[in-house]
1. Inside segment 189-248, can you point out the residues that are away from ligand 1 (no atom under 13 Å from the Cβ), under 20 Å from SER142 (Cβ atoms) and hydroxyl-bearing (Ser, Thr, Tyr)?
2. Find all pairs meeting these conditions: Cβ atoms under 8 angstrom apart; at least six residues apart or on different chains; first residue within segment 184-195 and within 16 Å of LYS78 (Cβ to Cβ) and free of Cβ contacts under 8 Å to residues at least 60 places away in the same chain; second residue more than 9 Å from ligand 2 (Cβ to nearest atom) and open to solvent by 10 Å² or more (accessible area, probe 1.4 Å).
3. Could you tell me whether segment 582-591 includes any residue that is in contact with a Ser or Thr (Cβ under 9 Å, 6 or more places away or on another chain), assigned to a strand (DSSP E or B) and surrounded by 24 or more Cβ atoms within 10 Å (Cβ to Cβ)?
4. Look through segment 599-613, keep the residues that are more than 16 Å from LEU568 (Cβ to Cβ) and among the aliphatic types (A, V, I, L, M), and return whichever of them is most open to solvent (accessible area, probe 1.4 Å).
5. Tell me the residue from GLU675, GLU685, GLU719 that is closer than 25 Å to ALA564 by Cβ, touching a residue at least 12 places away in the same chain (Cβ under 8 Å) and in contact with a helix residue (DSSP H, G or I) (Cβ under 7 Å, 6 or more places away or on another chain), please.
6. Give ASP656, ASP692 a once-over and let me know the one that is open to solvent by 20 Å² or more (accessible area, probe 1.4 Å) and modelled with pLDDT of 95 or more.
7. In segment 287-301, how many are farther than 25 Å from TYR58 by Cα and more than 10 Å from ligand 1 (Cβ to nearest atom)?
8. Would you call VAL229 open to solvent by less than 10 Å² (accessible area, probe 1.4 Å) and β-branched (Val, Ile, Thr)?
Amino acid sequence: MATTKTDPKLALTANGTKKSKLYEGLTREQLIQAYRLIYTSRRIDDREILLKRQQKIYFQMSGAGHEGIGVAAGLALKAGYDWFYPYYRDRALCLALGVKPYDMFLQGVGAADDPSSGGRQMPSHWSYPALHIVTQSSPTGSQILQAVGCAEGGRYFARHPKAADLPASGSADYRQFKNVTFQGDEVTYVSLGDGTSSEGEFWEAMNAAALGKLPVIFCVEDNGYAISVPVEVQTAGGSISRLVSGFPNFHFEEVDGTDPVASYAAFSRATRYCREGHGPAFVHAHVIRPYSHSLSDDERLYRPDAERERDAQRDPVTRTQMFLLREGILDEKGINQLEKEVEAELQIAVDRALEALPPAPESIMNFVYSPDLDPASLAFDTQAVVPELPADGKKPAGKTMADLITTTLRDEMKRDERIVIFGEDVADCSREEYLKRKLVKGKGGVFKLTFGLQNEFGNDRVFNTPLAEAAIVGRATGMATRGLKPVVEIQFFDYIWPAMMQIRDELSVIRWRSNNGFSCPVVIRVAIGGYLTGGAIYHSQCGESVFTHIPGLRVVFPSNSQDAAGLLRTAIRCDDPVLFLEHKRLYRESFGRAAYPGPDYMIPFGKAKIVHPGTDLTVITYGAVVPRALQAAQKLEREQGVKVELIDLRCLNPFDWDTIAASVSKTNRALVAYEDTLSWGYGAEIAARIADQLFDQLDAPVRRVAAKDVFVAYQPILEDAILPQPNDLFLAMKELAEY
Ligand SMILES: Cc1ncc(C[n+]2csc(CCOP(=O)(O)OP(=O)(O)O)c2C)c(N)n1
Ligand SMILES: [Mg+2]
């Protein structure tokens, strides 16, 4: 569709009298309200700048120059009905949606009562659940993919309304703590600056929105600069509108965002297009930045006066004021009166905010995880169903880890219609007609763990995504914010890094930074690990400690099929984001096969398993090192009579300190073994804790066995030399036992 450029001329009603005159659909009262909001927004910025200079607040980001487009968006969309992923210049939008100036000042002073974050986030990081303004972070652009997921979530609930039902009470289930609302024609708004449109996630989001024809309005507030970098250095050709014009299914608008009337017209058209279900819209709003980027920036260092003066001619405050005067909507007295009212309101708000109490230091750990559902609790401790022996009395063959992961996913999808599975290649066949006509059997994942699920549960619930890991996690985060339970797959751990920003700065921190206003309990399943003979550098990495280092993220790493089933079910039903690490080498290993433990089998997080009891030496490990360490321990017992107590942690965050402490207190010797590179690995933390807290119990130094500090090589001889082998474990155990 061609770009629509709004002519900011007035639209007159048919009879054209002064009273009924409409301005692109806005009444005179609405225009006065628009000016009030624009003026309020600017004056809050000015007050904050003053407060910052007086050291009464600690940071300031202004929305100056962006007020016209913000107010227009707020008037065209509906708070508490549509959904909003604004960015830091959207003060006027937030005011138009119903946020009070007092709430903004509370964030500035970092008050306990700051409704956005309880003093955890900088000012202008909006979060107001009742208005559907979703918690915002500081990385430029990480909100965009979540907005896409949010729109997908809304559409999913509209198509599957029963999914919003609450589960029967009594069972441990994240659904009890999520208030799902949805409208059939809701729209999701997301905004960003011109510089931010350079981020890859922006393009991933545009692609996903176009592919899904999703009702998302992308609003680029183009003030011509990203801190000091001008748009022509940022955007090839200097126009983001031109670059995105080829995206299908979009409605495009390019507008002077300092003109609230023209902006309202553009937003109204964009909103209508989205509400009617035609697809996403793109609003490119040309705005100005009359103040420097932030108080830490001085734009005179890179912008000459003439340029700044040119911008000032388009200032939305004076511009709207002149418009009201010209149109006879308000006279000078009316303007003065309005401004006086605003000043008085802000004075009261500032005075109150400066009196507000700061948060208590004891509250810092609140809401790192769900306060409602503890996955380490007994609620997640259920018994495995013991299978009946068949008539011939022969024990049936055990199920592999791959089998039981698939079965658990299937069981849970039957039980909970909020579960959606997506990722690269996870569907049976994207071209559904091939499946229907039985021309193909279907793929279901490169390791086939999701095989048959699309066939059984349909395309809405199991689908392939573009090859874009940030998009997989970002969309999942947006969906989970709405109440869905995305169980997504990252095909190989080695390729999780594009999603790192979403995992580290969004998924794991959303509950904490919004002071429990929002949560997003996503499950990310990841195939991890080596011992593959041929996996090489990019199909064999571990690196779990990078993720256990992230507060807010549960990390699970099972070593056998029954544990995988029990822990995956806990991951799915719990209320926290979970990284579920599946060792590729263990998927179909004969080690650790087990019977189907039933559709309600769960293992609480943070409970280790003693794989081999012993009295002489404790070995703490997990994942694919478990069978290797067991082999070594059995050999040591056979050959030397040394009894090793082998602990499989199963869950890395939280981890079972009590079991480690009890065992080391008994054996007085500890070896920590893991597949990842030795230095700064997961075992370093365990070793440090043992040294710190069990020093008096130790008869020997705490030792570690792990991979060499290098990447995993292709040639099996090299791979063997790099990864810890049973013999390395045997020698380390022997040496430590003899110490
Ligand atoms: C991912 C990321 N990189 C860098 C920054 C530091 N930073 C904050 S704002 C900004 C410029 C943003 O420019 P633009 O998107 O045009 O928005 P504007 O501030 O001009 O409205 C930068 C580089 C950041 N917050 N996040
Ligand atoms: Mg900019």
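The values are calculated or read from the model by the stated rules, or taken from the named source; none is laboratory data. From a predicted model like this one, the values you see are computed outputs, not experimental measurements. Ideal geometry is used to build each Cβ from the backbone, glycine not excepted, and the neighbour counts take in all protein chains shown. Heads up: the accessible areas ignore ligands, DNA and RNA and are worked out on the full protein's heavy atoms, side chains in. Shrake-Rupley method; radii C 1.70, N 1.55, O 1.52, S 1.80 Å.
1. Scanning segment 189-248 gives a single hit, TYR189.
2. GLY184/ALA158
3. yes
4. The initial filter retains those residues of segment 599-613 that are more than 16 Å from LEU568 (Cβ to Cβ), namely 608, 610-613.
Subset that is among the aliphatic types (A, V, I, L, M): 608, 610-611.
Numbers: ALA608: 19, ILE610: 81, VAL611: 46 Å².
Once the filter is applied, the top-ranked residue is ILE610.
5. Details: GLU685 fails: in contact with a helix residue (DSSP H, G or I) (Cβ under 7 Å, 6 or more places away or on another chain); GLU719 fails: in contact with a helix residue (DSSP H, G or I) (Cβ under 7 Å, 6 or more places away or on another chain).
Among GLU675, GLU685, GLU719, only GLU675 is closer than 25 Å to ALA564 by Cβ, touching a residue at least 12 places away in the same chain (Cβ under 8 Å) and in contact with a helix residue (DSSP H, G or I) (Cβ under 7 Å, 6 or more places away or on another chain).
6. Values: ASP656 fails: open to solvent by 20 Å² or more (accessible area, probe 1.4 Å).
One residue alone meets the criteria, ASP692.
7. Keep residues of segment 287-301 that are farther than 25 Å from TYR58 by Cα, which gives 287.
Now narrow it down to the ones that are more than 10 Å from ligand 1 (Cβ to nearest atom): none.
Final tally of qualifying residues: 0.
8. On the way: open to solvent by less than 10 Å² (accessible area, probe 1.4 Å): no; β-branched (Val, Ile, Thr): yes.
Taking the combined requirement at face value, the residue does not satisfy it.
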